[in-house]
Amino acid sequence: MLGALVSTSPDRHILERYVMILLGCFASCFTLLLGYEFIQLLEDLIQRGQPVSLAIHYLFCRVPWIVSQVLPMSCLVACLLTFGVMSKFNELTAAKASGTSVYRLAIPVLLVTFSVSAFGYVNYDYLVPYTNQRAQQLKDTNH
């Protein structure tokens, strides 16, 4: 379905640029939040003398929550960066001059963002409650 809607060359160009920027934004935000969680956990591990494997398991359980926190911000920043870069290099002006609507240019970005939002909804409603409960159990084991 996505291939039928995104069939023209400008659509593919926008889609490729948006997906690459989205992956970069997601990776950098995810890494920052994961690092923050690890630093917060490291203090507790040192004080209690617990093994590092417990921290790795705890962080693994926190991944769905981190994803749910990072996805919306990554989509927004990627959208702004995609159209900002296109505007900087006058690609939007060229597209509008050729008769392409700005709304038409937004279709690939909207399709990917809606798909990511559906994944985020499923993640937040089905995975996050279970994994947060498991992470809290791990944190409270030797408290």
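The values are calculated or read from the model by the stated rules, or taken from the named source; none is laboratory data. Treat the numbers as computed from the prediction; the structure is a model and nothing was measured. Neighbour counts are summed over all protein chains in view; Cβ atoms, including those assigned to glycine, are modelled from backbone coordinates with ideal geometry. Please note that ligands, DNA and RNA were not included when accessible areas were found on the heavy atoms of the full protein model with its side chains. Shrake-Rupley method; radii C 1.70, N 1.55, O 1.52, S 1.80 Å.
Between residues in region 114-138 that are farther than 20 Å from Tyr58 by Cα and residues that are open to solvent by less than 90 Å² (accessible area, probe 1.4 Å) and aliphatic (A, V, I, L, M), which pairs lie under 7 Å by C-beta distance while being six or more apart or on different chains?
Listed pairs, sorted by first residue: Val116/Leu71; Gly120/Leu71.
Need the failing condition index for Ala97 against (1) without any contact (Cβ under 8 Å) to a residue 24 or more places away in the chain; (2) of a type in the set (A, V, I, L, M); (3) under 30 Å from Leu42 (Cβ atoms), just the number.
Every listed condition holds for Ala97 apart from (3).
In this structure, is Cys25 at pLDDT 90 or above and more than 19 Å from Thr131 (Cβ to Cβ)?
It is true that Cys25 is at pLDDT 90 or above and more than 19 Å from Thr131 (Cβ to Cβ).
Report those helices (runs of 4 or more DSSP H) wholly inside region 34-143 carrying at least 2 residues which are open to solvent by 70 Å² or more (accessible area, probe 1.4 Å) and within 17 Å of Arg12 (Cα to Cα).
Passing ranges, in order: 102-105, 107-122.
State all residues of region 77-122 that are farther than 16 Å from Glu16 by Cα and of a type in the set (A, V, I, L, M); if no residue qualifies, say none.
Ala94, Ala95, Ala97, Val102, Ala118, Val122
Quick one: Ser74 ticks every box in (1) out of contact with any helix residue (DSSP H, G or I) (no Cβ under 8 Å at 6 or more places or on another chain); (2) farther than 23 Å from Gln133 by Cα except a single one, so which number is it?
Tallying (1) out of contact with any helix residue (DSSP H, G or I) (no Cβ under 8 Å at 6 or more places or on another chain); (2) farther than 23 Å from Gln133 by Cα, Ser74 fails exactly one: (1).
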